[in-house]
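The values are calculated or read from the model by the stated rules, or taken from the named source; none is laboratory data. This structure is a prediction, so every number in the text was calculated from the model and none was measured. Every residue, glycine as well, gets a Cβ built from its backbone with ideal geometry; the counts of neighbours run over all protein chains shown. Just so you know, the surface numbers come from the protein's heavy atoms only, side chains and all, with ligands and any DNA or RNA stripped out. Shrake-Rupley method; radii C 1.70, N 1.55, O 1.52, S 1.80 Å.
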Amino acid sequence: MPKTSVICDKCGKTGLWARDFVSIAAHMRYIRLAIASWRGMWIFQYFRVVFIMYAGIALRLSTVLAVLAILASGLTGYYAHDESRRLLMTQTEKNLKVSTQVVGQQLAMALRAAMRDMRVFAMYMRQPKNDMASSNLAFRRMAPTLLQVRPEYLQISIVEPRPNGEERHFFTQEGGKVIQREVEKGLLDPYIEDVARLSPGLVYLSDVLAYSQEEGKPERLTMLAITPVPHDRSGKSGLLVVLRVDVDYIAHQIQAKLPMNYQLHLTTRDGLSIYGPKTDGHNDRHLLQTQFPDVAQILAGKEENIVTGIQLDRQPDQADVAAAFQRVQITDFVGGGTLILGISEPLIQVWQEHRALANNMTRIVLFFSFLALIVAWPISQAVTRPLAQILESVRRFAARDSGGILPLPTRRKDEIGQLAKSVEEMQNQIRAQVAALEENHQVMMHIAHHDPLTGLPNRLTFFSKLDEAIAQAAQHGRKLAVLFVDLDHFKAINDTHGHKIGDAMLLEVAHRLRHGVRSSDTAARLAGDEFVVLLNPIYSAEEACLVAEKLLRRLNPHLKVENLDLPIEASIGVSIFPDHGDTPQTLLESADAAMYASKNVGRNVYSIAQPGVRRHREERRQKPETRQGDSVA
């Protein structure tokens, strides 16, 4: 291939290097486009990955549904818009055709009305042969009336059908008035041969003629209607009635009845404009086929009617029009009577209707797209609600939420129903295992904080409750009491009758102590035959003494077990907070010392602790007769 010199756009130089420069510039443009496309794809991939990783199933499903709905509505709107455009073009073509046919019928009816008037007028002037005076008189009576009644008639004359025939009478209409003017010579010269053969009752119609009533006034387009006047008894009278019809007036009347956006076109058989947008005022006579080339098919006789100019592929200019034309043949006349009639409509009017339809379709598409965005989320929620229900049930179960058990969709027959049933079975199994663990935990906690034989709170629990009660009493300025209960002669009963009888006695004592105090009070077993009672609150030491007496009375009834009648006696020591101590240890030591005092005075009595007198529990441990535990503890 020969090397071609290339001209550089920058410096105007030519040469192969300039061609290389152009090639490099073109490649750089492609490289920039590739980089931009790569960046766009990278951004798209980034958002796609983020959407897939972090968006929930409901959001993804709603997005898919919304996109599909928007695509469906968009495609539907596009095809509906295209179909509406086609229907609008078809309807416009149909309207123009129908309007052209209707207007053609109106024009033909106007000319046929002129034909009927001519026949009536000629029959009215029928007189005996050679009675010209009677004919003249009839004409003078009839002509002015006809011109006044029919404003589309410009002139009516009576003439002789011969070369250079004399027009005997001539009435014309000017400014709404009927005037008799001078005789016009040579009116029928162009039509002598045609009208000479007319029989009575036939009407000859000429081609369109330009006519000016006076010099300086605008021309008007007219047509001549000619008919012979018959004799009373035989043939023609030798006279002709000539009527000049104002075609411009008829066209104006038809135009006035058309819609505002319709324009009437009227031409001769050769296409010369008679009436139209450029000929109003008769200053611009032109051939219609120069503006509408398709009209040439009607002029050539190939078509009887055509429609042209209907194109909505682009926005039309103000001068663009859609038009329909047809040939109008007035068959009732002799001679001429062929016209080309058309109606045009500015294409911008059709385009505006088209745009209105497009805008309405766009609004409908946007509405349904917005509706799709709104409806997509509830639909996706309805589809994914069972999954969300299962997930929430698992979450509550894992968090041990107390908001209630969320029912699972186990009645479904699909895979979601099978998944819900599996989750429900798993929850039931875990719930049963947790319940067993809770039960074991409760048992262990009860054993840790209660005496295994009597079920009363043990030492640890009692000291915890006593410490809490002391804190509350100190805060509110109240009093409380500790009663130290020790069974008398329990070691002898236990040694004599065995541990079983001793345990029965301990259970009975625990029962009587538990039901002998208030619900706010606490009875506990420390060890062996030692019990303590916490009275919280009390208002005086006398109240604690009354409770001690009540407990002694409840304990005194004998225990009957296995045919044995065993007495139950106890010594009770009472200490008061804050009189005898302000800590659990000091209060218990004071009550213990008071209990020793009760034993020293004869047992089965109670004693209240004295301020400043505390006896250590180790002293009691040194006396073997009082430190014997039961068989369980």
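Within the range 476-501, residues that are more than 30 Å from Thr583 (Cβ to Cβ) have Cβ atoms under 8 Å from residues that are in a helix (DSSP H, G or I) and charged (D, E, K, R) in these pairs: Lys491/Glu625, counting only partners at least 6 apart in sequence or on another chain. Quick check: anything in the range 511-525 in contact with a strand residue (DSSP E or B) (Cβ under 7 Å, 6 or more places away or on another chain), surrounded by 12 or more Cβ atoms within 10 Å (Cβ to Cβ), assigned to a helix (DSSP H, G or I) and not polar (S, T, N, Q)? Taking every residue of the range 511-525 in turn, at least one turns out to be in contact with a strand residue (DSSP E or B) (Cβ under 7 Å, 6 or more places away or on another chain), surrounded by 12 or more Cβ atoms within 10 Å (Cβ to Cβ), assigned to a helix (DSSP H, G or I) and not polar (S, T, N, Q). Based on what the data block shows, is Thr384 within 30 Å of Leu65 (Cα to Cα) and either among the β-branched types (Val, Ile, Thr) or modelled with pLDDT of 80 or more (or both)? Taking the combined requirement at face value, the residue satisfies it.
Taken together, the criteria place Ser422 among residues that are more than 35 Å from the chain's Cα centre (by Cα), at pLDDT 80 or above, surrounded by 12 or more Cβ atoms within 10 Å (Cβ to Cβ) and small (Gly, Ala, Ser).
Applying the condition of being assigned to a helix (DSSP H, G or I) and without any contact (Cβ under 8 Å) to a residue 12 or more places away in the chain to the range 399-416 and asking which residue is nearest to Ser464 (Cα to Cα) yields Ala399.
If you go through the range 307-332 and keep only what is open to solvent by less than 20 Å² (accessible area, probe 1.4 Å) and either over 22 Å from Tyr262 (Cβ atoms) or at pLDDT 75 or above (or both), you end up with Ala322, Ala323, Ala324, Phe325, Val328, Ile330. Within the range 379-396, the set of residues being free of Cβ contacts under 8 Å to residues at least 40 places away in the same chain and either open to solvent by 70 Å² or more (accessible area, probe 1.4 Å) or not in a helix (DSSP H, G or I) (or both) comprises Arg385, Leu391, Arg395.
Scanning the range 365-378 for residues that are within 17 Å of Leu71 (Cβ to Cβ), open to solvent by 80 Å² or more (accessible area, probe 1.4 Å) and in contact (Cβ under 8 Å) with a residue 24 or more places away in the chain turns up Phe368, Leu373. Screening the candidates Ile348, Ile379 for the property of being of a type in the set (Val, Ile, Thr) and more than 22 Å from the chain's Cα centre (by Cα) yields one hit, Ile348. Applying a threshold of 9 Å to beta carbon distances and a minimum spacing of six or more residues, or different chains, the list of pairs starting in the range 449-461 at a residue that is without any contact (Cβ under 8 Å) to a residue 12 or more places away in the chain and ending at one that is open to solvent by less than 20 Å² (accessible area, probe 1.4 Å) and in a loop (DSSP other than H, G, I, E, B) reads His450/Leu456. The set of residues from the range 475-504 being over 16 Å from Glu530 (Cβ atoms) and part of a helix (DSSP H, G or I) comprises Gln475, His476, Ala492, Asp495, Thr496, His497, His499, Lys500, Ile501, Ala504. Of note, Tyr54 does not satisfy the criterion of being modelled with pLDDT of 70 or more, aromatic (Phe, Trp, Tyr), open to solvent by 70 Å² or more (accessible area, probe 1.4 Å) and within 34 Å of the chain's Cα centre (by Cα). Can you find even one residue in the range 166-176 that is modelled with pLDDT under 75, over 21 Å from Asp332 (Cα atoms), in contact with a Leu (Cβ under 7 Å, 6 or more places away or on another chain) and among the β-branched types (Val, Ile, Thr)? Yes; the residues of the range 166-176 include at least one that is modelled with pLDDT under 75, over 21 Å from Asp332 (Cα atoms), in contact with a Leu (Cβ under 7 Å, 6 or more places away or on another chain) and among the β-branched types (Val, Ile, Thr). Across the range 449-462, the qualifying residues are those that are open to solvent by less than 50 Å² (accessible area, probe 1.4 Å) and part of a helix (DSSP H, G or I), and the one among them that is farthest from Leu587 (Cα to Cα) is Thr461.
If you check Pro151, Pro163 for being in contact with a helix residue (DSSP H, G or I) (Cβ under 8 Å, 6 or more places away or on another chain), surrounded by fewer than 20 Cβ atoms within 10 Å (Cβ to Cβ) and at pLDDT 85 or above, only one passes: Pro151. So Leu507 clears everything in (1) touching a strand residue (DSSP E or B) at 6+ places or on another chain (Cβ under 9 Å); (2) assigned to a helix (DSSP H, G or I) except one condition, right? Which one? Against the list (1) touching a strand residue (DSSP E or B) at 6+ places or on another chain (Cβ under 9 Å); (2) assigned to a helix (DSSP H, G or I), Leu507 comes up short only on (1). A Cβ distance below 6 Å, combined with a sequence gap of six or more or placement on separate chains, defines the contacts here; from the range 526-552, residues that are surrounded by fewer than 20 Cβ atoms within 10 Å (Cβ to Cβ) and at pLDDT below 95 reach residues that are not small (Gly, Ala, Ser) and not in a strand (DSSP E or B) in the pairs Pro537/Arg478. When the range 196-231 is filtered for residues that are hydrophobic (A, V, I, L, M, F, W, C) and at pLDDT below 75, only Ala196 remains. With respect to Asp488, determine if the residue is open to solvent by less than 60 Å² (accessible area, probe 1.4 Å) and touching a Ser or Thr at 6+ places or on another chain (Cβ under 7 Å). Yes, satisfied.
Which members of the range 114-123 meet the condition of being farther than 14 Å from Val334 by Cα, touching a residue at least 24 places away in the same chain (Cβ under 8 Å) and of a type in the set (A, V, I, L, M)? Scanning the range 114-123 gives Ala122, Met123.
Checking each residue in the range 580-617 for being among the charged types (D, E, K, R), open to solvent by 20 Å² or more (accessible area, probe 1.4 Å) and either closer than 24 Å to Ser464 by Cβ or modelled with pLDDT of 50 or more (or both) picks out Asp582, Glu589, Lys599, Arg603, Arg614, Arg617.
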